[in-house]
1. Give me the one-decimal nm value for the distance between modelled label points at Leu172 and Ala84, 7 Å along each residue's Cα-to-Cβ direction.
2. Given a Förster distance of 45 Å, report the FRET efficiency between Leu19 and Lys208 from their Cβ-Cβ distance, rounded to the nearest 0.05.
3. Check Val31: other-chain or 5+ apart residues with amide H under 5 Å from its amide H, H built from backbone geometry?
4. What residues of the range 1-36 lie in the reach of a label at Asn181, counting those whose backbone N is under 14 Å from a point 7 Å from the Cα along Cα→Cβ?
5. Using a/c under 1.5 as the rounded threshold, could you call the range 6-126 rounded, prolate or oblate? The axes a ≥ b ≥ c are square roots of the C-alpha gyration tensor eigenvalues, and prolate needs a/b larger than b/c, oblate otherwise.
Amino acid sequence: METTIKILVVDDESRMRKLVRDFLVKKGYEVLEAADGEEALDLFYADKDISLIILDVMMPKMNGFEVCREIREHSKVPIIMLTAKSAESDELNGFELGVDEYISKPFSPKILVARVEAILRRTNQLEENQILTAGAIRVDRAAHIVTIDGERVELSYKEFELLTYFMENAGLALSREKILNSVWNYDYFGDARTIDTHVKKLRSKMGKHGDCIKTIWGMGYKFEVNENESRKADGSDK
């Protein structure tokens with residue numbers, strides 16, 4: 001990671017903060033900590049480079065909903081809410097306030113890190129390069145638009161995420177497990193063959209360019225674009 005991304009972890013339990021911090025630091029993130037809502041706001045206003053906030057609901061002085069409400073008046077910084085409650089009303093309240101993700105305690109720190117990385121891919125880290133191209137295929141991540149040979153192709157949300165992931169990892173052999181963990185963000189516990197179903201639909205929608213997604217028997221898939229096709233697409237093959 002070239003530039004260190006700052007994450008603010010807000011929880012009144014020091015053990016919980018340490019657990020989350022240790023996993024995030026291992027991944028190369030810089031972690032700021034706050035033990036209550038007021039301290040969280042002080043840190044947030046003092047540091048303009050915070051890229052994401054992990055926010056507990058039940059805290060002294062100000063609860064997570066109050067903190068979220070105030071932050072949303074000034075910023076669209078991604079917020080992951082942690083809660084010991086699993087009541088649907090709490091989750092709806094959080095989403096209405098602009099929470100990006102909702103994770104119930106107890107949770108796996110690996111799942112939390114996966115959600116953090118998924119949100120950062122969708123927001124902060126991808127702002128510099130929102131357009132992906134491979135041969136005749138063009139993906140605009142910001143507008144969520146795919147065009148092939150200049151024609152717009154309508155993809156479902158997961159098909160779009162899958163194509164984007166393939167293009168980001170062009171030339172690499174990708175196991176079904178790796179694809180599942182990256183595109184489904186660890187929150188799908190069904191049969192990995194769901195990937196095969198999505199790949200089949202994606203290939204069909206890509207027409208003659210569907211063969212860019214190669215099957216690696218017994219493992220997964222690899223995305224490759226023919227070099228001659230790439231030259232024609234960028235106009236360099238005169």
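1. 3.9 nm
2. Numbers: r = 50 Å, r/R0 = 1.11.
Efficiency, from the Cβ-Cβ distance: 0.35.
3. Answer set, sorted by chain and number: Ile7.
4. Those under the cut-off are 27.
5. Values: a/c = 1.19, a/b = 1.11, b/c = 1.07.
Rounded, since a/c falls under 1.5.
FYI, it's all coordinate maths here, none of it is from the lab. The structure displayed is predicted, hence computed values, not measured ones. Here the Cβ is made from the backbone with ideal geometry for all residues, glycine too, and neighbour counts use every protein chain on show.
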